[in-house]
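Undergrad: Here's a structure for you.
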Amino acid sequence: MKMPQRTRRAIWLTTLLLITGATQLGVHLYEASLPHDQIFKKPNHVILIVVDTLRADHVSALGYSRATTPALTHLAKTEAVRFARAYAPSSWTLPSTISLFTSLHPHQHQVEDRGKRLHPEVPTLAGAFSTAGWRSAAFITHIYASSRFGCHAGFDEFHELSIDWQYREGKQLRADELNREVLPWLTKNKDTRFLAYLHYFDPHWDYDPPPPFHRRFTDPTYRGPATGTWRFIKPFISKRRQMSNEDLAHVVALYDGEIAYTDHHLEQLFAHMKRLGIWDDALVVVLSDHGEEFQDHGSMHHIRTLYEEVLHVPLLIKLPSGKKSIQRPIVPERVRTLDVGPTLLELAGIDPMPTAQGESLLPLIHRRGSYRDVFARTMRHKSDAMALIHRTHKLIVPFGRKKTLPQLYNLVSDPKESKNLISRHPDLYDRLETRLHRFSALDGAALGLSKPIGDVSLTEGQKAHLKALGYVE
C-alpha cells in the first residue's frame, strides 16, 4: 500500500527536525565543554560604565514601564546580555567602587568610610590590565570614586574631571561634559588595546535634568513645591517626616528624567565607537554602584539601609561577538558586581586577580547555573548593617554603634521586603545568621591583604562638596 504524500512529508519533516535538534544539542554540549576563551571572542577594547545611583527597577531595559533607557533597551535586545538580579556590595559609592575595582567585599578591602583609602598593594582590575600590556584610563565625576580614596590604583591615566574640591550646588559634571572628554580620548586610542572606566553621575542628586528631559516624565499639571535638589529632599531622609504622594511622584519623575538624559549620552558614546570602527570588537559593560530610596521603606537617600532598592542594580554586558556567543540573553540567576572584574579578565585572556572573591559570569551567559550568595555591608551615619541573600531569603543584621532589630525577608513571596519573618522562622534566622557571620569572618586579614591607609583628611572645601551631595551631616 502506497503511503500518502502528506504522511511522507510529515515523516520527512519530523526526521529533519530530530536530526537538526540533535545537531544543535550536540553543538551546545560541545560548546559547554570548551574553555570559555574558545567560545567567546577576545575584545580589543573594554568599556566599563558605571551610572551612579541607578536602581534596577527604574531601567526600562529591565522592564520599567517608563522609557527611561531606550538606548540600553536597544542594546539589550540586539547585542547584550541582561542580568535580571545583579547586586551591589554596598549602598553607597565608595565601598561599591573599590569592590568593583578589586573584586573584594567591603569588609575585606575595608575602605568603608571617608577617612580611609585603598592600600596600593591590593591587586586591582586596572592593574591587571596594565600589567598585561593594555592601556587603562578612568574618567571620574564623583569625589567618592577619586584618587583621594585610592580608586586610581593601577590606572595609567586617571582623569578627575569635576573634582576641583570647590563644589558648587548644581555644577556637578554632566554626561555631555563627560563625553566631551571621553570621545576624543577614544579617537586617539582606537588602535590601542585599552580598558576605559567611565563614571556618569547624573541620576545622583540634584535631580535636575536639562531640557527636554526635565519634562519627559513630570506631570504638566503639578504645581507643588517639590524639586529634585538636596535642599528639598534632605528633610525627608528620616522616616519621621514623609513627602506627599504628589511631591514624591514629581521627584521620582525628575530622577527618571536624569536616567533618560544619561541614556541619551550613552547612545552618543556607542555611536561614536561605531564610527571609529571599534564597536564590534569592544566589550561594553553597563552597571550601577547602588540604587536609591524613594520612601520604599519610609525614607529617602541611600547609604543607611540594605534594602533591594539600594542593592539591586542593572547589569548589561555586550560581548565582542554580539549575540553570536549568547545562548541566554537574559540571565535570571543572582550575581554580584564583584563578578564583573573576573569576567572582564577572563574574556581578555588576562590572569585573574589573586585575591578576587568574585566569579566569572561567562558560564551563566552560556548555560544555566546556581544562584550566588550576596553579601552587602554599610558603615555610615551610625546605621551599620550587613546583609546576606541566600537562595530565596534575605537577612539584614545591625552591628556596631546602633542596635536595631534584625530583619528576615522572603524575596520570592515578598519582593518589597514588607514582612519581617524573624519571629516566624527562628531556625532559618539562626542558620542564615551563622552563614552570615562565617562569611564576614573571611576578612582582609584572612586573605592576607594590606590594611587601608587611614590618613585621609578633607579640607573645608572638600567637606562642603560632600555636604552638598548629602554625605556629611
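Undergrad: Multiplying the sequence separation of ARG368 and GLN268 by 0.36 nm and subtracting their Cα-Cα distance, what value in nm do you get? Don't jump to the answer; show the numbers that get you there.
TA: Numbers: separation 100, 0.36 × 100 = 36.00 nm, distance 3.38 nm.
That works out to 32.6 nm of additional length.
Undergrad: Ranking request for peptides 130-139, 279-288: highest mean number of other beta-carbon atoms within 10 Å first, then the rest in descending order. Please report the intermediate quantities before stating the final value.
TA: Values: 130-139: 17.7, 279-288: 21.3.
In descending order of packing, they fall as 279-288, 130-139.
Undergrad: If you don't mind, there's one more thing I want to ask. Can you list the aspartates and glutamates whose alpha carbon sits under 12 Å from that of LYS41, skipping same-chain ones fewer than 8 residues off?
TA: Partners within reach: ASP280, ASP281, GLU346.
Undergrad: For TYR64, TYR307, what's the fewest-to-most ordering of other Cβ within 10 Å of each Cβ? Show your work: numbers first, answer last.
TA: Values: TYR64 18, TYR307 22.
Least to most surrounded, the residues fall as TYR64, TYR307.
Undergrad: Starting from the exponent 0.38 and prefactor 2.2 Å, build the expected Rg for region 384-442 from its residue count and divide its actual Cα Rg by it.
TA: Working: Rg = 11.1 Å, N = 59, 2.2 N^0.38 = 10.4 Å.
Against the compact-globule rule of thumb, the ratio is 1.07.
Undergrad: What are the extents of the Cα atoms of region 110-262 along their three principal axes, in Å, largest first?
TA: 56, 36, 24
Undergrad: Can I ask one more? For each of LYS41, LYS239, LYS234, count neighbouring Cβ atoms within 10 Å of the residue's Cβ, then give the residues from fewest to most. Provide the component values of the computation, followed by the final result.
TA: Working: LYS41 17, LYS239 11, LYS234 14.
Ascending Cβ contact count within 10 Å gives the list LYS239, LYS234, LYS41.
Undergrad: Highest mean first, what order results for 257-269, 186-198 on Cβ atoms within 10 Å? Mind showing how you got there, number by number?
TA: Numbers: 257-269: 23.2, 186-198: 17.9.
The most tightly packed comes first, giving 257-269, 186-198.
Undergrad: Decide, for region 292-372, between rounded, prolate and oblate: order the square roots of the alpha carbon gyration tensor eigenvalues as a ≥ b ≥ c, take rounded if a/c falls under 1.5, and otherwise choose prolate if a/b is larger than b/c, else oblate.
TA: On the way: a/c = 2.56, a/b = 1.78, b/c = 1.44.
Judged from the Cα gyration tensor, region 292-372 comes out prolate (a/c at least 1.5, a/b above b/c).
Undergrad: Once you list every other residue whose beta carbon is under 9 Å from the beta carbon of ASP455, what net charge do they have if Lys and Arg are +1 and Asp and Glu are -1?
TA: +2
Undergrad: Compute the projected area of the convex hull of the Cα atoms of region 306-422, averaged over all viewing directions, and report it in nm² to one decimal place. Numbers along the way, then the final one.
TA: Numbers: hull surface 35.4 nm².
The number I arrive at for region 306-422 is 8.8 nm².
Taken together, the values in this text are just the output of simple stated rules run on the coordinates, not laboratory data. Keep in mind that this is a model prediction, so the values were computed, not measured. As a convention, Cβ positions derive from the backbone with ideal geometry for all residues, glycine included, and neighbour counts pool all protein chains shown.
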